[in-house]
Amino acid sequence: MTSQTANYDEPWKEALSEYFEAFLHFFFPEVHQLIDWTKIPESLEKELKRITASAKTKKRFADKLYSVISYQLSVISYQ
């Protein structure tokens, strides 16, 4: 008989992919404000796998990687 391991990771990854903006808005509101949400965030899972595959340690702290467009407003006042 083969032992089957529960996959707890995939549902969280799917939820994060589906609700990425809401996740950042709830958990990291300051970061959420800095992102231009008119541009769709790009998932960089393939790039993350390439980075972690060449790592010397097996320990990972990130399972998802996104590229987002950030903007900051600069206000210059002339008197």
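Details
- Of the residues making up segment 41-56, those that are surrounded by 13 or more Cβ atoms within 10 Å (Cβ to Cβ) and not in a helix (DSSP H, G or I) are PRO41, SER43, LEU44.
- Total residues in segment 13-40, condition open to solvent by 100 Å² or more (accessible area, probe 1.4 Å) and in contact (Cβ under 8 Å) with a residue 12 or more places away in the chain: 1
- For segment 1-11, filtering for residues that are in contact (Cβ under 8 Å) with a residue 40 or more places away in the chain and open to solvent by 100 Å² or more (accessible area, probe 1.4 Å) leaves 0.
- For segment 2-52, the set of residues classified as within 14 Å of the chain's Cα centre (by Cα) and of a type in the set (Gly, Ala, Ser) consists of ALA15, SER17, ALA22, SER43, listed by residue number.
The values are calculated or read from the model by the stated rules, or taken from the named source; none is laboratory data. It should be emphasised that the depicted structure is a prediction, and the values quoted were computed from it without experimental measurement. Please note: Cβ atoms are built from the backbone with ideal geometry, for glycine as well, and neighbour counts cover all protein chains shown. Accessible surface areas use protein heavy atoms only, side chains included; no ligands, DNA or RNA. Shrake-Rupley method; radii C 1.70, N 1.55, O 1.52, S 1.80 Å.
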